[in-house]
Amino acid sequence: MELLNSALIGTGSFAPEKTLTNFDLEKMVDTSDEWIRRRTGMVERHIVDENTASSDLAIQAALKAIEKANIDPEEIDLIVLPTVTPDMSFPSTACFVQKGIGASNAAAFDISAGCSGFPYGISIADQFIKSGTYKTVLVIAAETLSKITDWTDRSTCVLFGDAAGAAVFQATRDNKGVISSYLSADGNFSGGNLLSLPAGGSRNPASHETVDKRMHYIKMRGRELFKLGVKAMAESGLKALELGNLTLDDVTLCIPHQANKRIIDAVGERLGLPEEKMFINVDKYGNTSSATMAVALDEAIRNEKVGSGDIVLIVAFGSGLTWAAIAIRL
Ligand code: ACO
């Protein structure tokens, strides 16, 4: 059977209007604009209001991607939605989005791969398209991290924001689309609050005690993750290139997970990619987990940093630990 390619035919992104600046955070916890800028490169992040959930952001991003792709929502065969902040444990956020965008013929599910969710999701889309099972797949990374942020913990609350990004992939016989994907995980790092939301699942169901102990908020040991993240993202980028018979010279733009500007700079240095080939928008959005790369991809295309024929390398790293990379020819 002839293998088809998964062409990227449309992207879209959405962030809530309200922003929280470093100066706003100075009034909430013992921090400073200077510390946040120097240690993270962040300036502001977008935050939802109390009535907005991840699916609301996902629907807006998806509608924009669908419009760009110039398809009817009913053409969508599958919705894959990476998130660490689903609307509810179940049903899946993907099902809320399916209704919201009118994709009445689509199968729909969420995936849990931490910040690596977007490349994990693209890889899933690509497998379904290459196998001939589905023709059109929508991948939407959507996060409302502000809902699981401990606003009294300065070591985490300055880092996170809310946003969604979407991408439509469609089967093609043309020489473009997803070239290669590399996914990896190491569960040895899953315990010990390295990066987790300890309560609300079957291990620690919600109780007065879990609330009192603030266990429904992100717990993170940032310094340890920093080193692991740099190594994991650089290595997965190289793996994806190798799998696609590509070299670093072929890469027009690298879109790394936006967790921290210093991490991005270190990944660029490790890979030997010049600064202008490393996409950065962490200053505007903070860390929006799986959504960072989806939003960045949309911005890079909209701002014409990349165009038809260019090769984009997405590299990610997140809780699990998981890490992943995707090479796409636009
Ligand atoms: N304002 C002022 N001081 C602070 C703040 C703050 N907001 N936060 C921490 N500090 C202090 C610490 O208490 C510490 O003080 P001490 O030296 O007196 O003990 C000092 O600043 C240095 O703290 P570090 O944690 O060592 O700072 P670091 O330079 O490592 O920066 C950061 C912290 C930004 C969290 C960084 O480690 C990082 O980005 N780590 C990676 C995060 C990541 O990639 N996570 C994975 C993805 S996220 C996801 O999956 C949702």
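Miscellaneous remarks
- Prolate is the label for the stretch 1-103. Its Cα gyration tensor axes, ordered a ≥ b ≥ c, give a/c of at least 1.5 and a/b above b/c.
- Contour minus Cα-Cα distance for E67 and V29 (0.36 nm per residue): 9.6 nm
- DSSP-assigned coil residues among trypsin sites (Lys or Arg not before Pro) in the stretch 8-85, each with at most 12 further Cβ atoms within 10 Å: K27
- Potential extension, E224-Q127 segment - 0.36 nm per residue separation minus Cα distance: 31.6 nm
- The DSSP beta bridges internal to the chain are antiparallel in roughly 75% of cases.
- A Förster distance of 30 Å, applied to the separation of the beta-carbon atoms of L248 and S184, puts the FRET efficiency at 0.95.
- Relative contact order of the stretch 68-211: 22 percent, from C-alpha pairs under 8 Å at least 6 residues apart in sequence.
- Kirkwood Rh and Cα Rg combined as Rg over Rh, evaluated for the chain: 0.95
- Zone residues, the stretch 131-169, relative to E2, backbone N less than 20 Å from point 7 Å out along Cα-to-Cβ: 131-137
- With contacts taken as Cα pairs under 8 Å and at least 6 residues apart, the stretch 179-329 reaches a relative contact order of 35 percent.
- For the stretch 179-329, the orientation-averaged shadow of the C-alpha convex hull comes to 9.8 nm² (one quarter of the hull surface).
- For the stretch 82-234, a Kirkwood hydrodynamic radius built from all Cα pairs, placed in the Stokes-Einstein relation at 20 °C and 1.002 mPa s, yields a translational diffusion coefficient of 122 µm²/s.
- Neighbourhood net charge (11 Å Cβ-Cβ; Lys/Arg +1, Asp/Glu -1) for T85: -3
- Inter-centroid distance (Cα atoms) of the stretch 1-73 relative to the stretch 88-107, Å: 19 Å
- Fraction of accessible area attributable to carbon and sulfur, the chain (%, probe 1.4 Å): 49 percent
- Relative contact order computed over the chain (Cα-Cα under 8 Å; 6+ residues apart), in percent: 25 percent
- Shape of the stretch 86-144, Cα gyration tensor, a/c cut at 1.5: oblate
- Most to least packed among 262-272, 309-319, 196-206 [average Cβ atoms within 10 Å]: 309-319, 262-272, 196-206
- Computed from the alpha carbon atoms alone, the convex hull of the stretch 5-175 holds 118 Å³ per residue.
- Projected label distance in nm at N204 and R302, using a 7 Å step from Cα toward the beta-carbon: 3.7 nm
- Convex hull of the stretch 172-233 built on C-alpha atoms - directionally averaged projected area, nm²: 7.1 nm²
- Cα centroid separation, the stretch 179-205 to the stretch 223-294 (Å): 20 Å
- Residue-normalised accessible area of the stretch 1-117, expressed per residue, 1.4 Å probe, Å²: 49 Å²
- Largest GNM mean-square fluctuation across T133, T31, T172, computed for the chain with C-alpha springs under 10 Å, falls on T133.
- Virtual paramagnetic centre 7 Å along Cα→Cβ of D310, amide N under 18 Å, in the stretch 213-251: 247-251
- Classification of the stretch 29-74 by its C-alpha gyration tensor yields an oblate form. The axis ratio a/c (a ≥ b ≥ c) is 1.5 or more, and b/c is at least a/b.
- Applying a DSSP loop filter and a limit of 15 other Cβ atoms within 10 Å to the GluC sites (Glu not before Pro) in the stretch 1-99 leaves E2, E17, E50.
The values are calculated or read from the model by the stated rules, or taken from the named source; none is laboratory data. None of the values given here were measured: they were computed from a predicted structure. Backbone-built Cβ (ideal geometry, glycine too); neighbour counts: all protein chains shown. We work out accessible area using only protein heavy atoms, side chains counted, and drop any ligands, DNA or RNA first. Shrake-Rupley method; radii C 1.70, N 1.55, O 1.52, S 1.80 Å.
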